[in-house]
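Colleague: I am attaching a structure below and will ask some questions about it afterwards.
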Amino acid sequence: MLRIITDYGGLLLFAMGRTLLLALLGLFFACIIGLFFGIMSVVHNRPCNVISQIFVDVIRGVPMIVLAFFVYFGVPYLFNTIIGGFSVTLTALQAGTICLALNCGAYMSEIIRAGIQSVDIGQMEAARSLGLTYAMAMRRVILPQAIRTMIPSIINQFIITLKDTSILSVIGFPELVNTAKNVQANTFMSFQTWAIVGVMYLIVITILSRSAKMMERRLNVGR
Amino acid sequence: MSVAENDGMNGTKARVDEDTVRIRVRDLRKTFGDLEVLKSISLDVHQGEVVVVIGPSGSGKSTFLRCLNRLEDATSGVIEIDGVDVNGRKVNLNKVRENIGMVFQHFNLFNNLNVIRNMTLAPVQLSKCSPAEATERAMKLLERVGLADKAESYPHQLSGGQKQRVAIARALCMQPRIMLFDEPTSALDPEMVGEVLQVMKDLAADGMTMVVVTHEMGFAREVADRVVFMDGGYIIEEGTPEEVLLHPKEQRTIDFLNKVL
């Protein structure tokens, strides 16, 4: 156990860094995608609602490992071979980010939709009755209130996404799990390797959920 | 139509200007699916007039009010606010709404903003005035409704009566030409009804054009220039408070008044 830490500790920490980088990139775009489709699902426009619903259903209905293979291998193959004339290549980081963003974005969209719908309809009516536009009312009145109820679910989704980065080891991105596989192959110490990796995830996620609890408490002040 | 006697009111009631029609409604109909809530409503509201709409639950009073600023889309008919067709395709609804203040049964103060920001949000966002001017105007209005000390409070820190007074002040902060009240005292504890009605009486005395849906018969008697009795989606009877409340002609009005008085 000690030998793995002394010999491979730095490597594993670096890999954890890449896991966090991938998760952060994925989450960043997931927030944008989630907000976009979340609002699309609550506006009074049938086509927008339907498009949003289809996006969520499709992404939710496909396992992420399939999505990863599809984006990393399938999409370049489509452009380069089936359509032809393109030269599209995705790095594992790019493909991984896209996968996480789509996957997490779909769930975020549902969280945001539910959050917006949890705000009393009277708030929107009062805002509109004053002459505020729909967008102004959303931004100044509805979303600030919706976010409070959304925070716990969003943090939960962040944690799931952080763990889901491990799935992207299948497309060869050298995040923590992928790196750990190499360490295990070199040392044959599978118990020790995976125990250490497990503890590393545990520490990061515990820190994340603790700070989330603190943030939640702070946001609830004055409620 | 006569100007109401202003017994029991402070100040003199501003005269109704019969030549200026602020709200003109013709043959308004509204259906929700198969349910016909409004069946041909026609009504004019003049400058400075206080029209009180009474009637049993489900008679369409609130729906009628909500059609006036198009919180509900009318199914058919004409609604003109200062000559602008509210149901028109090209109408700038936000501009129309800037001139119509609305007060709701459940106050609907913005829970995420304190009192002063509740009031200044719309004027500032819509560039009606600078933030400083808006704050100054809001403070004056808060003084008028007796809540200057609550400027920094959040809605959840206020009583129902205080919330409703802030809601009225918030609507006034847009300097509307018309005020709509949708059962403004129905969600209040009895001891808080008076303070809200007083603010409304003062507003009426200042000559504000008002349409008030309420169950407060005392308010109707004292403040209304005209009382409109609605039932089953129709206007059954309308006239001065004396005509409708004391000498009703229609049997349905008599039945209703017997129940509530």
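Colleague: Looking for whichever is within 10 Å of chain A (Cβ to nearest Cβ), of a type in the set (D, E, K, R) and open to solvent by less than 50 Å² (accessible area, probe 1.4 Å) here; the options are B:Arg117, B:Arg97, B:Arg70. Which one fits?
Modeller: B:Arg97
Colleague: For B:Val193, are the conditions met, namely being among the β-branched types (Val, Ile, Thr), out of contact with any Lys or Arg (no Cβ under 6 Å at 6 or more places or on another chain) and within 11 Å of chain A (Cβ to nearest Cβ)?
Modeller: no
Colleague: A follow-up question, please. Taking only the stretch B:125-140 into account, find how many residues are crowded, with 20+ Cβ neighbours inside 10 Å and aliphatic (A, V, I, L, M).
Modeller: 2
Colleague: Is there a residue being under 28 Å from A:Arg60 (Cβ atoms), of a type outside the set (Phe, Trp, Tyr) and under 19 Å from the mean Cα position of the chain (by Cα) anywhere in the stretch A:129-138?
Modeller: no
Colleague: So, one more: Among the residues of the stretch A:129-145, which ones are surrounded by fewer than 23 Cβ atoms within 10 Å (Cβ to Cβ) and at the interface with chain B (Cβ under 7 Å from one of its Cβ atoms)?
Modeller: Answer for the stretch A:129-145, where residues must be surrounded by fewer than 23 Cβ atoms within 10 Å (Cβ to Cβ) and at the interface with chain B (Cβ under 7 Å from one of its Cβ atoms): A:Thr133, A:Met136, A:Arg140, A:Pro144, A:Gln145.
Colleague: Only residues that are open to solvent by 30 Å² or more (accessible area, probe 1.4 Å) and within 7 Å of chain B (Cβ to nearest Cβ): list them for the stretch A:107-127, please.
Modeller: Within the stretch A:107-127, just A:Glu125 meets the criteria.
Colleague: Let me ask you something else. Every residue in the stretch B:84-94 that is more than 10 Å from chain A (Cβ to nearest Cβ) and either open to solvent by 60 Å² or more (accessible area, probe 1.4 Å) or free of Cβ contacts under 8 Å to residues at least 12 places away in the same chain (or both), please.
Modeller: If the condition is that a residue be more than 10 Å from chain A (Cβ to nearest Cβ) and either open to solvent by 60 Å² or more (accessible area, probe 1.4 Å) or free of Cβ contacts under 8 Å to residues at least 12 places away in the same chain (or both), then B:Val84, B:Asp85, B:Gly88, B:Arg89, B:Lys90, B:Val91 are the ones that fit.
Table: residues versus (1) at pLDDT 95 or above; (2) closer than 23 Å to A:Thr165 by Cα; (3) hydroxyl-bearing (Ser, Thr, Tyr).
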{"site": "A:Ala30", "(1), (2), (3)": "yes, yes, no"}
{"site": "A:Ile33", "(1), (2), (3)": "yes, yes, no"}
{"site": "A:Phe37", "(1), (2), (3)": "yes, yes, no"}
{"site": "A:Val42", "(1), (2), (3)": "no, no, no"}
{"site": "A:Cys48", "(1), (2), (3)": "yes, no, no"}
{"site": "A:Phe55", "(1), (2), (3)": "yes, yes, no"}
{"site": "A:Val58", "(1), (2), (3)": "yes, yes, no"}
{"site": "A:Val66", "(1), (2), (3)": "yes, yes, no"}
{"site": "A:Val75", "(1), (2), (3)": "no, yes, no"}
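Colleague: Does any residue in the stretch A:141-153 that is of a type in the set (D, E, K, R) come within less than 9 Å, Cβ to Cβ, of a residue that is outside any helix (DSSP H, G or I) six or more places away or on a different chain, and which pairs are these?
Modeller: Listed by first residue and then by second, the contacts come to A:Arg148/A:Asn220; A:Arg148/A:Arg223; A:Arg148/B:Asn112.
Colleague: Here's a follow-up. What is the one condition in (1) farther than 20 Å from B:Val244 by Cβ; (2) outside any loop (DSSP other than H, G, I, E, B); (3) open to solvent by less than 10 Å² (accessible area, probe 1.4 Å) that B:Phe110 does not satisfy?
Modeller: That leaves (2) as the condition not met.
Colleague: Also: Test B:Leu188 against the criterion of being open to solvent by less than 50 Å² (accessible area, probe 1.4 Å) and touching a strand residue (DSSP E or B) at 6+ places or on another chain (Cβ under 9 Å), and give yes or no.
Modeller: Spelling it out, it is not the case that B:Leu188 is open to solvent by less than 50 Å² (accessible area, probe 1.4 Å) and touching a strand residue (DSSP E or B) at 6+ places or on another chain (Cβ under 9 Å).
Colleague: Still on this model: Checking B:Gln198 against (1) in contact (Cβ under 8 Å) with a residue 12 or more places away in the chain; (2) outside any strand (DSSP E or B), only one condition comes out false. Which one?
Modeller: Among (1) in contact (Cβ under 8 Å) with a residue 12 or more places away in the chain; (2) outside any strand (DSSP E or B), B:Gln198 violates only (1).
Colleague: In addition: Give the stretch B:201-226 a look and list any residue that's of a type in the set (A, V, I, L, M), over 24 Å from B:Lys259 (Cβ atoms) and part of a helix (DSSP H, G or I), or say none.
Modeller: Hits for the stretch B:201-226 are B:Leu203, B:Ala204, B:Ala205.
Colleague: Kindly provide the set of residues from the stretch A:96-140 that are closer than 15 Å to A:Ile39 by Cα, without any contact (Cβ under 8 Å) to a residue 24 or more places away in the chain and among the basic types (Lys, Arg), ordered by number.
Modeller: Listed by number, the residues that qualify are A:Arg139, A:Arg140.
Colleague: Moving on to the next point. Quick check on B:Ala122: is it within 12 Å of chain A (Cβ to nearest Cβ) and open to solvent by less than 50 Å² (accessible area, probe 1.4 Å)?
Modeller: In short, yes.
Colleague: If you don't mind, another one. Among the residues of the stretch A:207-215, are any closer than 27 Å to A:Pro63 by Cα and either surrounded by 14 or more Cβ atoms within 10 Å (Cβ to Cβ) or away from every other protein chain (no Cβ under 14 Å) (or both)?
Modeller: Checked against the condition, which is being closer than 27 Å to A:Pro63 by Cα and either surrounded by 14 or more Cβ atoms within 10 Å (Cβ to Cβ) or away from every other protein chain (no Cβ under 14 Å) (or both), the stretch A:207-215 yields at least one hit.
Colleague: Would you pick out the residues in the stretch B:56-86 that are under 15 Å from the mean Cα position of the chain (by Cα) and over 13 Å from B:Asp182 (Cα atoms)?
Modeller: B:Arg70, B:Ile81
Colleague: Can you list residue pairs whose Cβ atoms sit under 6 Å apart, with the first residue in the stretch A:49-68 being open to solvent by less than 60 Å² (accessible area, probe 1.4 Å) and the second being small (Gly, Ala, Ser)? Count only pairs 6 or more apart in sequence or on different chains.
Modeller: A:Asn49/A:Ser41; A:Ser52/A:Ser41; A:Val56/A:Ala106; A:Val56/A:Ser109; A:Ile59/A:Ala106
Colleague: For the subset of the stretch A:166-177 comprising residues that are in a helix (DSSP H, G or I), of a type outside the set (Val, Ile, Thr) and open to solvent by less than 20 Å² (accessible area, probe 1.4 Å), which member is nearest to A:Arg210 (Cα to Cα)?
Modeller: A:Leu176
Colleague: If we scan the stretch A:88-106, do we find a residue that is under 24 Å from the mean Cα position of the chain (by Cα), under 27 Å from A:Ile159 (Cα atoms), within 13 Å of chain B (Cβ to nearest Cβ) and polar (S, T, N, Q)?
Modeller: Within the stretch A:88-106 (the criterion being under 24 Å from the mean Cα position of the chain (by Cα), under 27 Å from A:Ile159 (Cα atoms), within 13 Å of chain B (Cβ to nearest Cβ) and polar (S, T, N, Q)), the answer is no, since none of the residues qualifies.
Colleague: When only residues in the stretch B:239-249 that are open to solvent by less than 80 Å² (accessible area, probe 1.4 Å) and of a type outside the set (A, V, I, L, M) count, which is nearest to B:Thr31 (Cα to Cα)?
Modeller: Across the stretch B:239-249, the extreme among qualifying residues is B:Gly239.
Colleague: Please go through the stretch B:142-184 and give me each residue that is open to solvent by less than 40 Å² (accessible area, probe 1.4 Å), within 13 Å of chain A (Cβ to nearest Cβ) and assigned to a helix (DSSP H, G or I), ordered by number.
Modeller: If the condition is that a residue be open to solvent by less than 40 Å² (accessible area, probe 1.4 Å), within 13 Å of chain A (Cβ to nearest Cβ) and assigned to a helix (DSSP H, G or I), then B:Pro155, B:Gln164, B:Val166, B:Ala167, B:Ile168, B:Ala169, B:Arg170, B:Ala171, B:Leu172 are the ones that fit.
The values are calculated or read from the model by the stated rules, or taken from the named source; none is laboratory data. Predicted, not measured: the structure shown is a model, and the values here were computed from it. Virtual Cβ from ideal backbone geometry, glycine too; neighbours counted across all protein chains shown. Accessible surface areas use protein heavy atoms only, side chains included; no ligands, DNA or RNA. Shrake-Rupley method; radii C 1.70, N 1.55, O 1.52, S 1.80 Å.
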